[in-house]
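Note sheet for the following structure.
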Amino acid sequence: MPSEALYQRLSEAIISGDRNKLLAIVEEALREGIAPSDIIERGMSPGMREVGERFARYEIYLPEMMMAAEAWEGAMKVLEPRLLEAGGGQKRVGRVVLGTVKGDIHSIGKNIVGAMLKMSGFEVFDLGVDVAASAFVTKAEEFEADIIAASALMSTTIPQQRSIIEHLEARGVRQRYCVLVGGGSATQEWADSIGADGYGRTAGDAVALALKAVGKG
Ligand code: B12
């Protein structure tokens, strides 16, 4: 079956929140030789975007959005090890502290960014979700990170990305770290306005920016 049709079916399975169906299509796509990153970015992500749009139009509600997220997480149990395998044997290129900002529990995009960074040879310390700005900074110092990567999906939580930069400035260590921002609410303009070092629309962008930050891009 051509890949486009498979991407379409992956997207539909996310929209319907059907975990078993999604898993079956993911297995099929892997058998067809489609790369795990394409299954995620070209198949599942457009489905999840559509879920968000339907939620915003009140066509679906929180339970449907949760089912879509659960289906996604089920598929990632199969896909994440494959992603890491694809990058196997990479030399350690740098260290990243990653998290979703305070007040925000969206983890899916952050987890993909983490998996893709690991696949590209980064050591990643994932702080999880709902992470205080100060915790990003404390962990970056402890972990001797090169990069702080912060995800924010809501208009109410995006100011937390600026707080991270303010905390770095207050501790006099702003220049020591490359700060990358992303997630549904972030834009390039936003990143520029808060003095971040980079904005990425996709996990692929996150990797490209991170490699550039450690002089490997
Ligand atoms: C799934 C989902 C949920 C799930 C999350 C499950 C989980 N484990 O993550 C659940 C059901 C729990 C949920 C809850 C809520 N949600 Co919600 N959710 C979504 C949805 C549909 C998809 C998000 C997602 O996973 N997308 C797929 C991933 C792959 O995309 P992504 O996160 O954008 O990440 C990619 C890029 O942005 C980038 N990236 C991400 N992070 C980073 C970081 C860096 C450094 C870089 C460089 C790049 C990068 O790379 C990723 C891969 O390409 C979005 C809609 C949307 N379009 O975003 C709404 C959405 C984010 N949610 C929304 C809302 C309102 C809520 C709730 C408040 C609902 C409620 N009434 O309770 C709660 C929030 C609770 C909280 N305090 O956080 C709104 C936010 C509105 C706004 N603009 O402020 C949205 C936009 C829906 C909408 N259109 O209204 N949600």
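A few remarks follow.
- Cα gyration tensor, the chain - rounded (a/c under 1.5), prolate or oblate: oblate
- Gyration tensor (alpha-carbon) shape descriptor, segment 3-86, a/c threshold 1.5: prolate
- Candidates MET119, MET44, MET67: whichever shows maximal mean-square fluctuation once the chain is modelled as a Gaussian network with Cα springs under 10 Å: MET67
- Relative contact order, whole percent, for segment 3-86 stands at 42, derived from Cα pairs under 8 Å and 6 or more residues apart.
- Residue of ALA133, ALA35, ALA56 that the Gaussian network model of the chain assigns the largest fluctuation, springs spanning Cα pairs under 10 Å: ALA56
- Other-chain or far-sequence residues with amide H under 5 Å of GLY184's (modelled H): ALA152
- Ordering ILE34, ILE105, ILE60 by Cα displacement along the dipole of segment 1-106 toward the positive end leaves ILE105 in first place; charges were set at the Cβ atoms of Lys, Arg (+1) and Asp, Glu (-1).
- For a straight C-alpha distance cut-off of 25 angstrom, the lysines reachable from LYS216 (same-chain residues fewer than eight places away being disregarded) are LYS91, LYS110, LYS118, LYS139.
- Computed E for ALA170/GLU59 - FRET, C-beta separation, R0 35 angstrom, nearest 0.05: 0.20
- Candidate aspartates and glutamates - alpha carbon under 14 Å from LYS77, same-chain residues fewer than 8 apart omitted: GLU27, GLU85
- The slack in the chain from ILE105 to SER193, taken as 0.36 nm per residue of separation less the alpha-carbon distance, amounts to 29.3 nm.
- Summed side-chain charge close to SER107 - residues other than SER107 whose Cβ falls under 11 Å, Lys, Arg +1, Asp, Glu -1: -3
- GNM flexibility winner over the chain from SER151, SER37, SER134 (Cα, springs under 10 Å): SER134
- Rounded, prolate or oblate (a/c below 1.5 giving rounded, otherwise prolate when a/b exceeds b/c) for segment 157-217 by Cα gyration tensor: oblate
- Rounded to the nearest 20 debye, dipole of the chain from Cβ charges on Lys, Arg, Asp, Glu: 440
Taken together, the values in this text are just the output of simple stated rules run on the coordinates, not laboratory data. For clarity, every value in this text was computed on a predicted model and none was experimentally measured. Note: ideal-geometry Cβ built from the backbone for every residue, glycine included; neighbour counts use all protein chains shown.
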